[in-house]
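The values are calculated or read from the model by the stated rules, or taken from the named source; none is laboratory data. On a predicted model such as this, the values are computed, not experimentally measured, just so you know. Because the Cβ atoms are built from the backbone with ideal geometry, glycine has one as well, and the counts that use them run over all protein chains shown. Each accessible area value is taken on the protein alone, full model and side chains, heavy atoms only, with ligands, DNA and RNA left out. Shrake-Rupley method; radii C 1.70, N 1.55, O 1.52, S 1.80 Å.
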Amino acid sequence: MGIELTESIATYLRAKFKNEMAGAPARAAFPDHFSLLLLQECDHLVNVLVAAYRNRKTTSWAVDSYAAYLADTSPKSTGRNERYEEQIKKMYPPLQGSGSETYKTQPFVVVDLEGNILVWYMPACLLKPRQ
């Protein structure tokens, strides 16, 4: 039942996420073999996914540009070259937030200028019994 259950959960999560993002009134049908606890866990996870997706943090650069720059300059990329690291930081600065607490407590995604999702941050996406 392992892979079948995993596929069933993924299918339900995908449908529910799609409905939530579209504002669809219809609820995603859940399999009869889901326990009430599993259904609650899936619904909670989708709520966190939706909250993260709607709370986007955008970089000032595109990941393709960043990757190309690193590929072109990779011999300098040792992690110990302070001048090189400072240059990268200026060209591809980290996110500037409104406060570090926001990043610690609220779900969000980091996207680049082209809309590519780089990071999903989803604190407490698993309920306590699953953790």
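Scanning region 64-98 for residues that are in a loop (DSSP other than H, G, I, E, B) and surrounded by 10 or more Cβ atoms within 10 Å (Cβ to Cβ) yields Thr73, Ser77, Asn81, Tyr92, Pro93, Leu95, Gly97. The residues in region 46-57 that are surrounded by fewer than 14 Cβ atoms within 10 Å (Cβ to Cβ) and either of a type in the set (Val, Ile, Thr) or closer than 30 Å to Gln87 by Cα (or both) can be counted, and the count is 2.
Could you pull out the residue among Val109, Val119 that is open to solvent by 40 Å² or more (accessible area, probe 1.4 Å) and in a strand (DSSP E or B)? Only one candidate qualifies: Val119. In the set (1) over 21 Å from Leu126 (Cβ atoms); (2) in contact (Cβ under 8 Å) with a residue 60 or more places away in the chain, Leu49 fails one condition alone, (1). Does at least one position in region 43-50 carry a residue that is under 26 Å from Ala10 (Cβ atoms) and assigned to a loop (DSSP other than H, G, I, E, B)? There is no residue in region 43-50 that is under 26 Å from Ala10 (Cβ atoms) and assigned to a loop (DSSP other than H, G, I, E, B). Can you find a residue in region 21-29 that is open to solvent by less than 40 Å² (accessible area, probe 1.4 Å), on the phi < 0 side of the Ramachandran plot and not small (Gly, Ala, Ser)? No.
For Glu101, the conditions (1) at pLDDT below 85; (2) acidic (Asp, Glu); (3) more than 19 Å from the chain's Cα centre (by Cα) all hold with the exception of (3). Kindly provide the set of residues from region 30-42 that are open to solvent by less than 40 Å² (accessible area, probe 1.4 Å) and either free of Cβ contacts under 8 Å to residues at least 12 places away in the same chain or assigned to a helix (DSSP H, G or I) (or both), ordered by number. Passing the criteria: Leu38, Leu39, Glu41, Cys42.
Acidic (Asp, Glu) and without any contact (Cβ under 8 Å) to a residue 40 or more places away in the chain - does that describe any residue in region 85-94? Scanning region 85-94 turns up at least one residue that is acidic (Asp, Glu) and without any contact (Cβ under 8 Å) to a residue 40 or more places away in the chain.
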